[in-house]
Amino acid sequence: MKNIVILISGSGSNMAAIVRTAEQAQWAQRLNVRVAAVISNKAEAGGLAWAQGQGIATAVLDHKGFASREDFDAALRTEIDRFAPDLLVLAGFMRILTPGFVAHYAGRLLNIHPSLLPAFPGLNTHQRAIDAGCQFAGATVHQVTADLDHGPILAQAVVPVLPGDTAKTLAARVLTQEHLIYPRAVAAFFNPQSA
Ligand code: GRF
């Protein structure tokens with residue numbers, strides 16, 4: 001069985017979308033893949049309890065307990081590798097990763113970013129898209145490289161920016177699309193025919 005490990009920091013709705021799709025689309029039987037663990041840098045991350053309720057192993061590693069980014073990433077790597085991941089999925093994991101960490105998972109590390117990359121890497125993507133007068137916004141699933149929010153694009157979804165949109169309303173519209181494209185991109189990672 002191949003293992004997916006998912007990293008979260010918050011509500012974990014993308015993680016939940018992947019777990020639900022894995023169940024509904026029978027990834028274990030069809031792709032020989034399972035979500036082996038969900039790991040968070042925040043104990044209060046809402047998605048942790050949900051994942052536990054699904055019978056998935058969870059772990060918390062608080063970055064505040066580490067002196068440097070390198071120390072945290074080294075400990076995180078040890079925690080992740082206990083679950084022998086074939087794929088590491090960043091799903092709202094709000095940490096910048098060190099080049100050594102990214103290199104360790106090269107070719108098996110995905111992220112979702114709430115913009116149409118290469119537009120708007122970084123934070124506050126929805127407000128920046130509104131401020132720029134964009135008529136369309138969206139989300140991007142990409143391979144992670146050492147360069148933040150760059151890396152080969154695997155999937156994108158586009159939504160309109162509507163009159164009167166706030167960052168909140170736009171984020172909600174984008175998020176519904178994230179929940180479709182991320183599970184699809186993960187399945188395609190294991191079986192390109194499934195895309
Ligand atoms: C998503 O918008 C994702 O694109 C961004 O952070 C948000 C995480 O949401 N990186 P959730 O924790 O998956 O609900």
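Every number in this text was worked out from the coordinates using simple rules, so none of it is lab data. Every value quoted in this text rests on a predicted model; they were computed, and no experiment measured them. So basically every Cβ, Gly included, is an ideal-geometry build from the backbone, and we count neighbours across all protein chains shown.
Please give the peptides 47-58, 7-18 ranked by average Cβ packing (other Cβ atoms within 10 Å per residue), highest first, as a rough proxy for protection.
On the way: 47-58: 15.8, 7-18: 22.8.
The densest-packed peptide leads the list: 7-18, 47-58.
Based on the Cβ-Cβ distance from K64 to E23, what FRET efficiency comes out when R0 is 41 Å, to the nearest 0.05? Let's see the in-between values first.
Values: r = 34 Å, r/R0 = 0.82.
Approximately 0.75, to the nearest 0.05.
Please compute the length gained on full extension between A43 and R82, using 0.36 nm multiplied by the number of residues separating them and subtracting their Cα-Cα distance.
Working: separation 39, 0.36 × 39 = 14.04 nm, distance 1.91 nm.
My answer for the length gained is 12.1 nm.
In a GNM of the chain with a 10 Å cut-off on Cα contacts, which of D71, D149, D131 has the highest mean-square fluctuation?
D131
Charges only on Cβ, +1 for Lys and Arg, -1 for Asp and Glu: so what's the dipole of the chain about the Cα centre, in debye to the nearest 20? Show your work: numbers first, answer last.
Numbers: 15 positive and 14 negative charges, 79 e Å.
The dipole magnitude comes to about 380 debye.
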